[in-house]
Amino acid sequence: MEGLQETIKALSPIEKKIIPFLNSASVGELVEKSKSDKTEVLRALDFLANKGIVNLVYSASKKVVLGTNGEVYLKNGLPERRLLTALSKQNSINLSDASKIGLDDNELKAAIGALKRRAMARLESGKIILEAKEEEVCKKMLEEQLIESLPINFDDLSPEKRYAIDQLKNRKEIIRIDESKDVSFKVTDLGKRLQSQDLSKANYIEQITPQIIKDGSWEKRNFRKYNIISPVPRIFGGRKQPYLSFLEDVREKLVRLGFEEMSGSLVENEFWNFDALFQPQYHVARASASTYYVKNKLKDEKIEKNIIEGVKKQHESSWKYKWDIKNALKLILRPQGTVLSARQLPKAKIPGKYFAIARCYRPDVVDAKHLSEFNQVEGIILDKNLTLKNLFYMLGLFAKEIGGIKDIKFVPHYFPFTEPSVEIHGKHPKLGWIEIGGAGILRREVVKPLIGKDVTVLAWGLGIDRLAMYKLGIDDIRHLFSYNIDFLRGIKNDKKESVN
Amino acid sequence: MPVIEISKKDLCNLVGKNMTKEEIEEMLHFTKSTLESDEGDLLKVEAGDANRPDLWTVEGIARVIKGQTGKETGMPDYKVANSNYVVNIEENVAKVRPLTVCAVVKNLKFDEESIKQMIQLQEKLCEGFGLGRKEAALGVYDLDKIKWPITYTAFSPDKLKFVPLEMDKPLTLKEILQKHDKGRQYAHLLKDAAEYPIFIDNAKEVLSMPPIINSNYTGKVTADTKNVFIEVSGFSYNFITPILNIIVCALSDRGGKIEKVTILNGKSKITTPDLSAQSKTIDADYCNSIIGLNLKQAEICNLLKKARFDAKSQGGKITVQYLPYRQDIMDDRDVIEDVAIAYGYSNLAPEETRVTTIGKPSEISEEKRKISELLIGLGMQEIATFTLTNKNNLFKKVNKPEGNIVEVANPISENYACLRDSLVPSMLEFLSANTKKEFPQKVFEMGEVYNIEKECTQTRLSVAITHSKVNFTEIRQILDNIARSRSIPISIGEKKDNSFIEGRTGAIIKDEKEIGIIGEVHPKVLSIWNIEMPCSILEITLEN
């Protein structure tokens, strides 16, 4: 009897509320009869199970349901059906006319893919050509049968339908697989004994309130016993984004080394990025394969006349071609941090040290190794009598301070705007020798037109994203810009889950 | 940069020394190239110097290795003999592709590898240095099939037929552009031309139609070919001369004997190739001051010889001579770098500098750091998202009509085709990726956007809070907290915005200017992103 009283003392109000209805057949019925909230009931069941008052049985179920596009397709037909219908009328369609069917580019691609896979159509010199026989055209495709049968329990699916799901799963919002956990319960002997008690008599103090303290009523009542052993819901504090935090450290270190930070616009013109950096206007690096060009027409920048004149003269005398300011004003998305150094030169102090952490853009397909935007850390050091050996010293310092890499070597390299130029390689404990940055002494052809005189300028840049990946212990570069809040919150998943 | 395929055996033969893969890898540093991969005898080498097309060839690489290992130093010696070969340029070619430089090389012993290397040289140099054949196209022909003199002229597209390389029947010039692989690939280079350029010999046998294709008869080089005629055509000697020089030196390195060709163009007459030495004088002290060394003049001269220069010193000045397969030497520094490389970067001991300056972060970085500290103290998670996005995210998915935005002219993917002008879509995209994660979610980003009206990049702050009970008050408390702590004098005005619920949306105002927006996100927008939790967002510009 005493054990039973102890158990009653530890019952929370919601537990007490549902105990009389534990004979219900399902959670739904229990919620309804006890007139309680479902989440609360589920939590209470958990607690009751811990106390041996009920036994819980969990079962997982997966349900396939229509996605937002799926609902539309159910009404209007799948893209491949719409393409097929159009094809069956005219046998072949020019790719350029395909938009008239009313499919967007992605849908059209998916539709062509689906029909090709079934050998119902083929692509030839820009035309989609019907291959299917009439009876094939009329037949309902597996995918169509599938979406008409939704929602359906995953476990009830035939193998053909599972195949259809694999096909549709990767397309945008056609189907969704909802996973849910079901729980059923059965009251134990202890529970049954509790059900025979009048629980309303047990008037324990729940939440202690200011009122209870003030009026002293706690002297006459007992405190309900909490289960202090079972886990409580997690909370998450504020945290820095790990990649930005790394960049913040880099910034702090460079400031401590005496560097002043530069900043600039994401949209640049070719003048500062190429012409001022001594790349002739016909140079291969200016081709669209390595630079994003801007479609819009914006105001032309007013660049100081003597700078334009200086750059023009330098190009024409060194590269022997007709330099044209018009080609220099084309707009691009900043492809390299060096453009900030170029802009800094005319206003730089001598001696001076400057750096930038710049978001840069490059037309790369986004994958585990490439991003179309990334950050570069770049800088310049201006003074009289600086040497290549001094540059090596600074690079060694950066490798150690920023990359934590002690073992480095210097390798001859080429950059259009530095001579001599060098590439710095560092020995990474896990990855062996890796390239960590490039540097050099700015060419006189760059310095003179921008500063007006010959000053030795050491210029350097570090592949900071790579260093960040090593530091953060990630091997997919996309994780630097993670869209997964769990990853950012520092939750380690055993399951291999995408951080994007 | 171009990747070239070379044979290890061929390279060792050219150098005259057996080398291991590791030795070759080390030696390649002198040419700024890197060994990308090796499979048995086949080495894939990525060239590193855009201005040294001579180093995009195995012969050029071997030349450098010979110098650096001391096998053969100083300026290489190539003999160029006189001859009676003549190429006449006719006036009508002036409009379409006016210039050519030519050479003859005799006594060649081609094998599979040397033919492969010659073709590769032609491809890589004309593609890279010659800008996709536009500025320079190179043709090599069997000299023994040619009846001299050769005429460089132009024909209208339907008036001439010849058998192009790797085909068996004659096609008109027009048909070649339509039917031959190379014709289709390079047709754009003759797009606006009324007549197409043609090299043709005295027996009216066509040699080629530059920059498209050689003829199958004279323009085919095989292992049996002993003597060749070479031409490079284009618009400027800056492009075509270096390529001619590079190929004749390469063939000479394999034992060929170079002969001159006279080119008559109306009244003007030139004779090519011209391999006479170029020279440049540098100051020994300046050289030392750039590298940070204290080398004697004789030592500098020796290093330069390893880099295949001839060098003489006199009274503090060093005069170097070099052959015109190098077209990269513009400034003294171009020579000085070669001194440093020959000295060895690994032999240059780093030397501390004492450039004393006071470091400081930019104002915006400092402001960002302080705000970030505040928000983290308020329990918020910092995030970083992409600045490149698409119109769908920026307009349709936030329930707004399409507006003006910075667009990329050459996007790789439709997903990354615009520069964002607001952080709000980025926040929604982030939340939409986390709908199955634990709530509440409180996130912020300080990132860059491009404001197209003001034509400038702006750094903005956005905060998003999402959980079942979030409302305007909660997000407003965050804003007020930041404004108070950072002494930003703001007020809130009423505002209508399609992304937010009317009556629960405010304009953030500072100095009578709108600098941001705050409110409860409209359920219509949330549904578009498949977000099922209420969400409040603020966005504020931190600098203008």
* To do: Work out how much length B:K436 to B:M167 would gain on full extension: take 0.36 nm times their residue separation and subtract the Cα-Cα distance, in nm to one decimal.
  => 90.6 nm
* Computed Kirkwood radius, in angstrom, where 1/r is averaged over Cα pairs of chain B -> 28.9 Å
* Enumerate the amide H contacts of B:L171 below 5 Å, restricted to partners 5 or more residues apart or on another chain; note that Pro and chain-start residues carry no placed amide H. => B:F162, B:V163
* Asked: Based on the alpha-carbon gyration tensor of region B:112-268 and its eigenvalue square roots a ≥ b ≥ c, which shape applies: rounded if a/c is under 1.5, prolate if not and a/b is larger than b/c, or oblate?
  -> rounded
* Place +1 on the Cβ of every Lys and Arg and -1 on the Cβ of every Asp and Glu in chain B, take the dipole about the Cα centre, and give the residue among B:V86, B:I300, B:P440 whose Cα lies farthest towards its positive end. => B:V86
* **Whole-number percent relative contact order across region B:361-515, with pairs defined as alpha carbons under 8 Å at least 6 apart** => 19 percent
* Asked: Taking every residue in A:480-487, how many Cβ atoms of other protein chains lie within 10 Å of its Cβ, on average?
  -> 5
* Structure fact -> With a Förster distance of 56 angstrom and the Cβ-Cβ distance between B:E112 and A:R239, calculated FRET efficiency to the nearest 0.05 equals 0.35
* Structure fact -> Taking the protein assembly as shown and counting helices only, DSSP H stretches of n ≥ 4 at -39,500 (n - 2.57) each over all residues, the nearest-500 ellipticity at 222 nm comes to -9000 deg cm²/dmol
* Could you list log10 I(q)/I(0) for region B:1-83 at q = 0.17, 0.23, 0.24 Å⁻¹, which the Debye formula gives when each Cα is one point scatterer? -> -0.65, -1.11, -1.20
* Structure fact -> Computed over region B:137-179, the distribution of all Cα-Cα distances in 5 Å bins, rounded to whole %, is 5, 17, 21, 28, 23, 6, 1
* To do: Report, by chain and number, residues whose modeled amide H sits under 5 Å from the one on A:I405, excluding near sequence neighbours (fewer than 5 apart, same chain).
  => A:K400
* To do: Rounded to the nearest 0.05, what FRET efficiency do A:S92 and A:S180 give with R0 = 41 Å and r taken as the Cβ-Cβ distance? Could you check?
  => 0.30
* **Entries in B:K109/B:K257; A:K430/A:K471; B:K32/B:K306; B:K159/B:K269; B:K147/B:K204 that, when Cα-Cα distance is taken, lie over 18 Å** => B:K159/B:K269
* Dipole magnitude of the protein assembly as shown about its Cα centre, charges +1 at Lys/Arg Cβ and -1 at Asp/Glu Cβ only, in debye to the nearest 20? -> 920 debye
* May I ask for the angle, rounded to the nearest 10°, between helix B:472-485 and the longest principal axis of chain B, with both axes built from Cα atoms and the value confined to 0 to 90°? => 70 degrees
* Asked: What nm value, rounded to one decimal, do you get for the distance between A:A289 and A:N50 when each label is placed 7 Å out toward the C-beta?
  -> 6.4 nm
* To do: With label points built 7 Å along Cα→Cβ from the Cα atoms of A:Y204 and B:K21, find their separation and express it in nm.
  => 7.3 nm
* Asked: Which parts of region B:269-298 would a label at A:D454 reach, counting a residue when its backbone N lies under 12 Å from a point 7 Å out along Cα-to-Cβ?
  -> B:282-290
* Structure fact -> Here region B:73-142 gives, from Cα atoms, an Rg and Dmax in Å of 15.2, 46
* Please state, rounded to one decimal and in Å, the Kirkwood hydrodynamic radius that the protein assembly as shown gives when every pair of distinct Cα atoms enters the mean of 1/r. => 34.6 Å
* Acute angle (nearest 10 degrees) that the helix B:237-253 long axis makes with the longest principal axis of chain B, alpha-carbon atoms -> 60 degrees
* Vicinal HN-Hα couplings computed from phi for region A:369-382 (Karplus, 6.51 cos²θ - 1.76 cosθ + 1.60; Hz; Gly/Pro x) -> 10, 10, 10, 8, 9, 7, 10, 10, 9, 10, x, 9, 10, 10
* Asked: Taking the simple approach of a point 7 Å from Cα along Cα-to-Cβ for both B:N294 and A:E71, what is their distance in nm?
  -> 8.3 nm
* Give me the number: length gained by fully extending A:I491 to A:S36, i.e. 0.36 nm times residue separation minus the C-alpha to C-alpha distance, one decimal in nm. => 160.6 nm
* Asked: Say a paramagnetic label sat at a point 7 Å from the Cα of A:L329, along Cα to Cβ; which residues of region A:263-282 have their backbone N under 14 Å from it?
  -> A:269-272
* Asked: Could you put A:W319, A:W433, A:W460 in order, starting from the residue whose Cβ has the fewest other Cβ atoms within 10 Å?
  -> A:W433, A:W319, A:W460
* Between rounded, prolate and oblate, where does region B:189-273 land on the alpha carbon gyration tensor, with a ≥ b ≥ c its root eigenvalues, rounded for a/c under 1.5, else prolate if a/b exceeds b/c? -> oblate
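A short reminder: the numbers here are calculations on the coordinates, not readings from a lab. Everything numeric in this text was worked out from a predicted model, so none of it was measured. Glycine gets a Cβ as well: all are built from the backbone with ideal geometry, and neighbour counts include every protein chain shown.
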